[in-house]
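A.B. asks: Please see the structure below; I have some questions.
Since every read-out is calculated from the coordinates, none of them should be taken as a lab result. As the structure is a computational prediction, the values presented were derived from the model and not from experiment. Neighbour counts run over all protein chains shown; Cβ positions are idealised from the backbone, glycine included.
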Protein chains: 6
Amino acid sequence: MKKDIFYGKGMSHVKKDYPDIYSAVVELNKAAYTGKELKYRTQKLIAVGITAASSDDRAMKKQMRSAMREFDITADEIVDVLRVVLLTSGMPPFTKAMRILYELLE
Amino acid sequence: MKKDIFYGKGMSHVKKDYPDIYSAVVELNKAAYTGKELKYRTQKLIAVGITAASSDDRAMKKQMRSAMREFDITADEIVDVLRVVLLTSGMPPFTKAMRILYELLE
Amino acid sequence: MKKDIFYGKGMSHVKKDYPDIYSAVVELNKAAYTGKELKYRTQKLIAVGITAASSDDRAMKKQMRSAMREFDITADEIVDVLRVVLLTSGMPPFTKAMRILYELLE
Amino acid sequence: MKKDIFYGKGMSHVKKDYPDIYSAVVELNKAAYTGKELKYRTQKLIAVGITAASSDDRAMKKQMRSAMREFDITADEIVDVLRVVLLTSGMPPFTKAMRILYELLE
Amino acid sequence: MKKDIFYGKGMSHVKKDYPDIYSAVVELNKAAYTGKELKYRTQKLIAVGITAASSDDRAMKKQMRSAMREFDITADEIVDVLRVVLLTSGMPPFTKAMRILYELLE
Amino acid sequence: MKKDIFYGKGMSHVKKDYPDIYSAVVELNKAAYTGKELKYRTQKLIAVGITAASSDDRAMKKQMRSAMREFDITADEIVDVLRVVLLTSGMPPFTKAMRILYELLE
């Protein structure tokens, strides 16, 4: 269930053609998102922050979309994440993430 | 108050010698950590995640230490953040962060 | 005045919906581009270098365009910046930046 | 000969307009791909790994395409490189590289 | 067996305190280094290239040391990897990696 | 002449053991720092900015030291560069660079 969320097109090929990689990714994903203390939802916010900070358009968009769809994370919550991105990573990733967020909202 | 947490030695020089930069950083820090929805504590976890993902030893250490001291964030909570770092950023930042965490715990 | 240059679409939303962030960014921008010794123009060249080195298409393009429009920075000057990018950051960001520069020139 | 492989559109402009940079890049490229022990083909696999790890779409695509065309590097070999990318750099560059690989294969 | 190579101090704590993460990492490591076409040794060279390119001192050192110890990878082979790092990632990671290599050789 | 400035210990080994790489680096360095319009001194400031933004302690320190020694670049000028780093790359590289600058000044 959790595993279905993170994956895009690339991974459906992996599942079929490289099942050993796929299965390792499923395990990794499960270990990553089964926190002892933090909720999955909070971990998702952290994933949004990390991908936004790394300025990767596609990963950022995928994380934000899944955050909003699967976890009902609000725009204000994402902006609260992006505030930290602005502080730790500067203007270019912040403005890029803001633009992507508003595109998703439209 | 919030502003005292994030800053290290470098910033005390900035405060004295470059007050205009210092004051902009204070404003930035305030805007960053005054979320509309997320608590400061949650934003701190996000800052831990971003600095760990970027593999910057010193920033990572400073964020983890302040997370544990100022917010009583537990080791398990930090590990829950690092689970996301492992997934999104790979083994080298994860093992580095784990080593730093255990050094701080000792 | 200076503040109008750096900002793209994302920031107009920020101005309206998150005025506290906007105002912190304006302060940050002012402190950033009000050097004690270096001219704004020279700082702009540095911003072109940093965004080119980080291989971020959009930020690179925005910086180059504003450099050429607002400061009459020439193509040769930008190439002089990109020479340093080649040395410090390798071929991929250099060729990407060169391609973007020539697209802007056409 | 080797020099023709790595270069895209940006470099044809450089050749004409900035011959001193072009000639330095040719020298650099020759030194880079004239290993003492490793074959050019193996070095190419390393270049695929590095550009994939850095999450740069365009460089990644160019390297993969040239790897497959000039060196008859197979999809399975590239996936073997991407396995290392998954381990060292996490899911986002891995899934991005997988998607690009399958686009090239189609 | 393969799993023992990549891990440093951080991971022994993980094994004891977070067995679910440890077990996911073991799976990941196995999938990463069990290529269909490339030998483990070649994949190791790729791991050296990626960690050197990312300028991470500690990861670079660990990878180089394990490359030389476990796989009898020679200094000349590592330099052949670093040639590609110079081309793709510029002087700072190249000179850093060279310095670390010579420290390991002494 | 220019070539002697950028190089550290790593490169003296390269000169002796890998003369082909050394000679390519000399050419690269010459092409990089022989701008058509910008002075070498300005290009040096750009190199300080790029290495500071990439958060690489050692490269940053080497660039700052050579900037101050070889070009009489002042602390205020370096801070003017770091203002741009703060804006484009966030607090962690800025505070790190500030700390290194003050260590060099002492």
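A.B. asks: Only one of F:Ala31, F:Ala52, F:Ala47 is buried (at least 24 other Cβ atoms within 10 Å of the Cβ) and within 7 Å of another protein chain (Cβ to nearest Cβ); which?
C.D. replies: Residue meeting the stated conditions: F:Ala47.
A.B. asks: Among the residues of region A:69-100, how many are at positive phi and buried (at least 23 other Cβ atoms within 10 Å of the Cβ)?
C.D. replies: Count: 1.
A.B. asks: Now for a different question. Within 7 Å of another protein chain (Cβ to nearest Cβ) and of a type outside the set (Asp, Glu): does that describe C:Ala67?
C.D. replies: Spelling it out, it is not the case that C:Ala67 is within 7 Å of another protein chain (Cβ to nearest Cβ) and of a type outside the set (Asp, Glu).
A.B. asks: Wholly within region E:26-106, which helices (runs of 4 or more DSSP H) include no fewer than the required count, namely at least 3 residues that are under 21 Å from D:Tyr33 (Cβ atoms) and not polar (S, T, N, Q)?
C.D. replies: Per the criteria, E:40-53, E:75-89, E:91-105.
A.B. asks: Inspect region C:6-18 for any residue being in contact (Cβ under 8 Å) with a residue 24 or more places away in the chain, under 14 Å from the mean Cα position of the chain (by Cα), more than 12 Å from chain F (Cβ to nearest Cβ) and part of a loop (DSSP other than H, G, I, E, B) and give the result as yes or no.
C.D. replies: yes
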